[in-house]
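Chemist: One structure follows; several queries about it will come next.
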Amino acid sequence: MYHAETILEKCRLFAIILWPILVTQLSYFGMNVIDTIMSGQAGTSDLAGVSIGAGLWLPVFTGMNGILLAITPMVGQLLGKKEHHSITAIITQGFYVAILFGGLILISGALLLEPVLSLMSLDPEVHHTAKHYLIGLSTGIIPFFLSIVLRNFFDAQGYPRITMTIMLGVLPLNFLFNYSLIFGKFGAPALGGIGAGYATAASYFIIFLFSVVMTFRVEVMRRYRIFVQWFAPSWTAWKRQLRIGIPLGLSLFFEASIFSAVTLLMAAMFDTITIAAHQAAFSFTSIIFMIPLSMSLALTIVVAFEVGGQRIAHAKQYTRIGVLTAMCIMLISSCFIYFFREPISYIYTDNPEVVALAKRFLIFAIFYQFSDAAQSTLQGVLQGYKDVTVPFLTSFISYWLLGLPAGYLLAAHTNLGPFGWWLGITVGLTSAATGFFIRLKIVQHRHASVPHSMAGDT
């Protein structure tokens with residue numbers, strides 16, 4: 001990381017940080033896509049079961065990722081202030097937080113998984129697949145959360161290529177694990193969609209192992225003595241991280257959970273064909289969303305670095321670069337989705353009924369992509385300022401008090417049917433983008449009026 005001066009230098013640095021993050025995010029999501037596509041080849045019930053399981057896991061993973069993402073602006077601002085000596089303790093305490101919350105999630109899953117699935121009145125085969133897919137996946141979540149701590153540590157220093165390299169190595173292994181466990185190859189049992197959960201867990205272990213290796217092999221990381229120098233658990237340090245992480249995690253949770261809630265409510269209102277079509281369309285649009293999401297993560301890194309260095313005007317320039325670029329890319333992707341919606345649908349299934357519905361879902365997806373790109377990048381900027389409490393409240397109001405009720409009314413009381421849920425999502429995302437934009441203007445004004453000696457600590 002360095003302080004770029006001109007717009008051209010900033011664009012170059014932003015691109016250097018962005019593209020490995022994008023490849024990494026695509027690789028992470030590629031694991032989910034592999035689960036979905038290969039489960040779909042095993043059968044419609046397997047696809048629906050994995051869709052339900054992934055729908056339950058996504059908000060949990062996203063929320064936890066948000067809690068641990070607090071490490072990025074914390075480390076970024078310390079680097080901007082040149083306080084390198086404080087970073088190792090933050091990473092160590094991050095490990096403790098990851099283990100603690102991972103344990104709480106496992107306990108909650110053991111108690112609540114069966115009751116939640118029972119409330120959905122699923123077909124017995126879909127219920128069985130969803131439950132055991134999540135049981136398999138859960139065996140790898142603690143090492144995965146620990147690897148997220150290390151990823152944020154790498155990224156905050158401007159080295160996202162480390163995690164990119166790891167993910168590019170793990171992705172083909174994940175494919176082999178899925179192929180083996182879903183279809184019973186290489187002497188493994190044929191578990192169908194359930195096998196995708198265990199394949200993902202195995203991949204999580206490997207990601208963590210490779211991440212640990214990198215802390216010793218990369219010279220820049222080795223100087224921090226991670227896994228060599230340990231600090232006792234500190235409730236004070238946890239509070240500093242959680243003061244940022246919990247609102248951030250809840251904000252991301254509310255965003256992700258509206259998609260999961262829509263999937264679960266669709267399962268209660270519509271048939272298996274509709275669920276499968278929804279998941280196929282959502283899976284593809286989620287791949288596209290990795291672009292603005294990656295920009296959001298890159299914006300958090302560069303904005304935090306500039307704020308830590310008390311360079312607020314430069315942080316504003318990065319904001320304009322990131323948000324406008326994301327919107328332009330979404331315009332291109334919308335055109336692509338419109339003209340290629342049928343071949344896209346056939347990637348996930350050869351069932352003509354599912355394809356016909358998925359094509360229509362993809363049309364509705366075009367409408368919410370712009371709001372999704374705007375809210376994601378704006379939230380990334382706010383994270384760079386370590387401003388998370390108001391965005392958390394904005395997310396809750398936008399997604400759960402506006403978006404979800406609007407989706408239900410449109411789905412249950414108009415001729416839109418299941419497509420009404422997607423219009424409700426658009427309402428929620430647009431509301432969030434508007435709220436984040438207003439909040440960012442307030443935060444930027446506040447930092448501009450704070451003395452330089454205090455701006456980095458706000």
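Chemist: Taking residue 282 as the residue in question, decide whether it is assigned to a helix (DSSP H, G or I), open to solvent by 20 Å² or more (accessible area, probe 1.4 Å), farther than 28 Å from residue 340 by Cα and modelled with pLDDT under 85.
Modeler: So residue 282 fails the test.
The rows are residues; the columns are (1) at pLDDT 90 or above; (2) surrounded by 22 or more Cβ atoms within 10 Å (Cβ to Cβ); (3) in a helix (DSSP H, G or I).
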{"site": "294", "(1), (2), (3)": "no, yes, yes"}
{"site": "304", "(1), (2), (3)": "no, yes, yes"}
{"site": "314", "(1), (2), (3)": "no, no, yes"}
{"site": "317", "(1), (2), (3)": "yes, no, yes"}
{"site": "322", "(1), (2), (3)": "yes, yes, yes"}
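Chemist: Does residue 42 satisfy being of a type in the set (Gly, Ala, Ser), in contact (Cβ under 8 Å) with a residue 40 or more places away in the chain and open to solvent by less than 40 Å² (accessible area, probe 1.4 Å)?
Modeler: Answer is no for this residue.
Chemist: Now for a separate question. Condition test on residue 169, is it of a type outside the set (Lys, Arg) and either crowded, with 20+ Cβ neighbours inside 10 Å or free of Cβ contacts under 8 Å to residues at least 24 places away in the same chain (or both)?
Modeler: no
Chemist: Would you mind stating whether residue 70 is open to solvent by less than 40 Å² (accessible area, probe 1.4 Å), aliphatic (A, V, I, L, M) and under 30 Å from residue 191 (Cβ atoms)?
Modeler: Working: open to solvent by less than 40 Å² (accessible area, probe 1.4 Å): yes; aliphatic (A, V, I, L, M): yes; under 30 Å from residue 191 (Cβ atoms): no.
Considered against the rule, which asks whether it is open to solvent by less than 40 Å² (accessible area, probe 1.4 Å), aliphatic (A, V, I, L, M) and under 30 Å from residue 191 (Cβ atoms), residue 70 comes out as no.
Chemist: I'd like the residue in segment 191-210 that is among the hydrophobic types (A, V, I, L, M, F, W, C) and more than 17 Å from residue 24 (Cβ to Cβ) and, out of all such residues, is most open to solvent (accessible area, probe 1.4 Å). Break it down stepwise before answering.
Modeler: As a first pass, look at segment 191-210 and keep what is among the hydrophobic types (A, V, I, L, M, F, W, C): 191, 194, 196, 199, 201-202, 205-210.
Retained after the next criterion (residues that are more than 17 Å from residue 24 (Cβ to Cβ)): 191, 194, 196, 199, 201-202, 205.
On the way: 191: 64, 194: 24, 196: 0, 199: 0, 201: 3, 202: 35, 205: 104 Å².
The residue in question is 205.
Chemist: Now, a different point. Quick check on segment 21-37. Is at least one of its residues open to solvent by 10 Å² or more (accessible area, probe 1.4 Å) and farther than 30 Å from residue 126 by Cβ?
Modeler: Yes.
Chemist: Among the residues of segment 42-55, is any farther than 30 Å from residue 178 by Cα, in a helix (DSSP H, G or I), touching a Leu at 6+ places or on another chain (Cβ under 6 Å) and modelled with pLDDT under 90?
Modeler: Taking every residue of segment 42-55 in turn, none turns out to be farther than 30 Å from residue 178 by Cα, in a helix (DSSP H, G or I), touching a Leu at 6+ places or on another chain (Cβ under 6 Å) and modelled with pLDDT under 90.
Chemist: Continuing with the same structure: All but one of (1) surrounded by 18 or more Cβ atoms within 10 Å (Cβ to Cβ); (2) touching a Gly at 6+ places or on another chain (Cβ under 8 Å) hold for residue 188, so report the exception by its number.
Modeler: Unmet for residue 188, out of (1) surrounded by 18 or more Cβ atoms within 10 Å (Cβ to Cβ); (2) touching a Gly at 6+ places or on another chain (Cβ under 8 Å): (1).
Chemist: Among residues belonging to segment 68-88 that are polar (S, T, N, Q) and in contact (Cβ under 8 Å) with a residue 40 or more places away in the chain, point out the one that is nearest to residue 154 (Cα to Cα). Before you say what the answer is, go through the steps one by one.
Modeler: Of the residues in segment 68-88, the ones polar (S, T, N, Q) are 72, 77, 86, 88.
Now narrow it down to the ones that are in contact (Cβ under 8 Å) with a residue 40 or more places away in the chain: 72, 77, 88.
Numbers: 72: 9, 77: 14, 88: 12 Å.
The selected residue is 72.
Chemist: Given the residues 200, 165, which is the only one that is in contact with a Pro (Cβ under 9 Å, 6 or more places away or on another chain) and either within 30 Å of residue 44 (Cβ to Cβ) or among the β-branched types (Val, Ile, Thr) (or both)?
Modeler: Among 200, 165, only 165 is in contact with a Pro (Cβ under 9 Å, 6 or more places away or on another chain) and either within 30 Å of residue 44 (Cβ to Cβ) or among the β-branched types (Val, Ile, Thr) (or both).
Chemist: Does residue 225 satisfy being within 30 Å of residue 79 (Cβ to Cβ), part of a helix (DSSP H, G or I), among the basic types (Lys, Arg) and open to solvent by 20 Å² or more (accessible area, probe 1.4 Å)? Steps first, answer last, please.
Modeler: Details: within 30 Å of residue 79 (Cβ to Cβ): yes; part of a helix (DSSP H, G or I): no; among the basic types (Lys, Arg): yes; open to solvent by 20 Å² or more (accessible area, probe 1.4 Å): yes.
Here the answer is no, as residue 225 does not meet what is asked.
The values are calculated or read from the model by the stated rules, or taken from the named source; none is laboratory data. Every value quoted in this text rests on a predicted model; they were computed, and no experiment measured them. For neighbour counting, all protein chains shown are included, and Cβ atoms are generated from backbone atoms with ideal geometry for every residue, glycine included. Only protein heavy atoms, including side chains, enter the accessible area calculation; ligands, DNA and RNA are left aside. Shrake-Rupley method; radii C 1.70, N 1.55, O 1.52, S 1.80 Å.
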